[in-house]
Structures are given as structure tokens and as C-alpha cells.
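Encoded as C-alpha cells, the structure appears first; notes follow it.
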């Protein structure tokens, strides 16, 4: 079992995934800092409050911190946009494969045969 685990860890996909998670965590902290220190004060100039995380409304004893939610939404949008740009850039560098040239797999051939047989029975 130790041998199988060692082979699993040594595979490229697992190492790539680990690197991606570590870089993603570091990138998230950078985006959080960007949002809190640059973007929120800029938005706060228009709203009238510099610190959006202080935006709260209360109903009874419940406090709804919608400013923190706005921070999270801004963080998400920045991260999603940067990931979109990265994927788009990576796709430009990857060689494009023409799917029409690839031979159909065995399962595709069988599925087509099954489909044709079902059509004949109708």
C-alpha cells in the first residue's frame, strides 16, 4: 500500500494540483489585500464610508454585516476574472486538436450501433 501511495503522489497531476492549491491560496490573500486596501476605499469614496466591512444593519438582536458580504463578492469577481484571463491565455498557447481527425472510440462505435438498432425497431 505504501508503494501505491508513493506512485500516486509521484504522478504529475497530484503535484500540479498541490502547486495550484498553494498558488491559489497565496493569490487569494493578494486579492483580499487589494480589495480591502485599494478597491474598497475607492468604492467607499462614492458611498461615503471608507471601510465597507463596517456596513451593518440590525433587526432586533441580529446584525447583518452586508459590508463584509460586499468585500467577499468583490474578491470573488476579481479572482474569477483573473482565472478567466489565465485560462484564456493558456488556451492560446496549447496546440489545438481537430476532433474530426480523431478516430471514434470503441464505446462511441458501440453506442452508434445501439442507436441505429433502436431506430430500426421503431
> Is it the case that residue 46 is without any contact (Cβ under 8 Å) to a residue 24 or more places away in the chain, in a helix (DSSP H, G or I), over 28 Å from the mean Cα position of the chain (by Cα) and over 17 Å from residue 73 (Cα atoms)?
Replying inline: yes
> Got at least one residue in the range 9-26 being at pLDDT below 85 and not in a helix (DSSP H, G or I)?
Replying inline: yes
> On the given criteria, is residue 112 part of a helix (DSSP H, G or I) and surrounded by fewer than 11 Cβ atoms within 10 Å (Cβ to Cβ)?
Replying inline: no
> If you scan the range 44-65, which residues turn out to be more than 30 Å from residue 21 (Cβ to Cβ) and touching a helix residue (DSSP H, G or I) at 6+ places or on another chain (Cβ under 9 Å)?
Replying inline: 44, 49, 50, 51, 54, 55, 56, 57
> Only one of (1) exposed (fewer than 10 other Cβ atoms within 10 Å of the Cβ); (2) more than 19 Å from the chain's Cα centre (by Cα); (3) in a helix (DSSP H, G or I) is not met by residue 95, so which one is it?
Replying inline: (3)
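Looking at this structure, is residue 73 modelled with pLDDT under 80 and surrounded by 10 or more Cβ atoms within 10 Å (Cβ to Cβ)?
Values: modelled with pLDDT under 80: no; surrounded by 10 or more Cβ atoms within 10 Å (Cβ to Cβ): yes.
Answer is no for this residue.
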> Quick one: is residue 30 more than 30 Å from residue 8 (Cα to Cα), within 18 Å of the chain's Cα centre (by Cα), surrounded by 10 or more Cβ atoms within 10 Å (Cβ to Cβ) and in contact (Cβ under 8 Å) with a residue 24 or more places away in the chain?
Replying inline: no
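The values are calculated or read from the model by the stated rules, or taken from the named source; none is laboratory data. This structure is a prediction, so every number in the text was calculated from the model and none was measured. A quick note on method: Cβ atoms are made from the backbone with ideal geometry, for glycine too, and the neighbour counts reach across all protein chains shown.
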